[in-house]
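One structure is given below, encoded as structure tokens.
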Amino acid sequence: MIALTTSAAISQSSPHDDRQKIAQLQSAADQGDASAQFNLGGMYLTGQGVPQNKTKAAKWFQKAADQGHAIAQLTLGIMYDTGQGVPQNKTKAAEWFQKAADQGHAIAQLTLGAMYDTGQGVPQNKTKAAEWFQKAADQGNAIAQLNLGVMYDTGLGVPQNKTKAAEWFQKAASQGHAKAQFQLGFMYHTGQGVPKNDTKAAEWFQKAADQGNAIAQLNLGVMYDAGLGVPQNKTKAVAWLQKAADQGDKNALKALRILSR
């Protein structure tokens, strides 16, 4: 899933100042201030100014979440999902993600979509997965945009539509998501959802390859070997194939053996 994060932090100050800030935060939390409860939970989670105690962290996140604090709901969902500070419980995790997602939190929407996609904590439902990915994607979440593109590409949860798939891959790729860049490059190479264009395919493979995507490195090596979308260059072909091979890509190893002959 996703890593636990919190906005809680204590600035550099003397131990006396820290104790005073903690006392003030504790007082506000005890009086029901949701933001104070969330921040106090964050301090216990990370051990900032207080001894690290994930059980106490979960307790304070729970109090803030019960008051509708969306980030606390998301964080509590992550704790139930991973079993930190509370017994692992995928069903409860999904319930808290649902609450935060209903408030429009994009990461909660993405995570809830992933749970429906895989059937963790909720019955597997590809249609609902696509609906939640759509909500997060509309807010600009690159991972949700990629996931939605994959669903349109494969016809899972939505009617298959290669054009829409390419549009969502484009949105995620433009934000620098390596896998989306590879997917978009592949669609340009095959002419699915976009006009076939090997020059654009190579450009997107290059972007993904530069980020270490092994399949993009393999494909870029093949394109340099064949002169597709780029000037033929056997040296560059070998260099990119080697990068993919170094990551364990068996097809790249096979291509290198062929070129070596």
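The values are calculated or read from the model by the stated rules, or taken from the named source; none is laboratory data. Since we're looking at a predicted model, the values are computed, not measured. Because the Cβ atoms are built from the backbone with ideal geometry, glycine has one as well, and the counts that use them run over all protein chains shown. Note: areas computed on protein heavy atoms with side chains; ligands, DNA, RNA excluded. Shrake-Rupley method; radii C 1.70, N 1.55, O 1.52, S 1.80 Å.
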For this session: Quick one: count up the residues across the stretch 151-168 that are farther than 15 Å from LEU184 by Cβ and among the small types (Gly, Ala, Ser).
Result: 2
Exercise. Taking the stretch 167-181, which residues are small (Gly, Ala, Ser), touching a helix residue (DSSP H, G or I) at 6+ places or on another chain (Cβ under 7 Å) and over 18 Å from ALA214 (Cβ atoms)?
Worked result: ALA172
Exercise. Residue check: is LEU40 open to solvent by less than 30 Å² (accessible area, probe 1.4 Å), over 26 Å from GLY121 (Cβ atoms), out of contact with any Lys or Arg (no Cβ under 6 Å at 6 or more places or on another chain) and of a type outside the set (Gly, Ala, Ser)?
Worked result: yes
For this session: Determine whether GLU167 is over 25 Å from PHE133 (Cα atoms) and without any contact (Cβ under 8 Å) to a residue 60 or more places away in the chain.
Result: no
For this session: Would you mind stating whether TRP96 is farther than 27 Å from ILE143 by Cα and among the aromatic types (Phe, Trp, Tyr)?
Result: no
For this session: State whether the residues of the stretch 197-204 include one that is more than 23 Å from ASP153 (Cα to Cα), of a type outside the set (Asp, Glu) and not in a helix (DSSP H, G or I).
Result: no
Seminar exercise, completed: Flagged pairs (Cβ under 7 angstrom, 6 or more apart or on separate chains; first in the stretch 125-136, over 10 Å from ASN147 (Cβ atoms); second in a helix (DSSP H, G or I) and open to solvent by less than 50 Å² (accessible area, probe 1.4 Å)) are ASN125/TYR116; LYS126/ASP117; LYS128/TYR116; LYS135/GLN109
Exercise. Can you tell me which of LEU184, LEU241 is within 30 Å of ASN141 (Cβ to Cβ) and either assigned to a helix (DSSP H, G or I) or hydroxyl-bearing (Ser, Thr, Tyr) (or both)?
Worked result: LEU184
For this session: Search the stretch 241-257 for residues being more than 18 Å from GLY227 (Cα to Cα) and among the hydrophobic types (A, V, I, L, M, F, W, C), and hand back the single one that is most open to solvent (accessible area, probe 1.4 Å).
Result: LEU253
Exercise. Can you pull out the residues in the stretch 52-87 that are more than 21 Å from the chain's Cα centre (by Cα) and over 22 Å from ASP30 (Cα atoms)?
Worked result: PRO87
Problem set entry | Residue selected from the stretch 1-37 under the condition among the acidic types (Asp, Glu) and surrounded by 16 or more Cβ atoms within 10 Å (Cβ to Cβ), by the criterion modelled with the lowest pLDDT | ASP18
For this session: Among the candidates LYS236, LYS254, single out the residue that is within 23 Å of ALA173 (Cβ to Cβ), assigned to a helix (DSSP H, G or I) and among the charged types (D, E, K, R).
Result: LYS236
Problem set entry | Residues of the stretch 56-92 classified as in contact (Cβ under 8 Å) with a residue 40 or more places away in the chain and either in contact with a Leu (Cβ under 9 Å, 6 or more places away or on another chain) or open to solvent by 60 Å² or more (accessible area, probe 1.4 Å) (or both), total | 7
For this session: Go over the candidates ASN125, ASN141 one by one and state the one that is in contact with a Phe, Trp or Tyr (Cβ under 6 Å, 6 or more places away or on another chain) and farther than 20 Å from THR82 by Cα.
Result: ASN125
Exercise. Would a scan of the stretch 219-240 turn up a residue that is under 28 Å from LEU110 (Cβ atoms), without any contact (Cβ under 8 Å) to a residue 60 or more places away in the chain, open to solvent by 30 Å² or more (accessible area, probe 1.4 Å) and under 19 Å from the mean Cα position of the chain (by Cα)?
Worked result: no
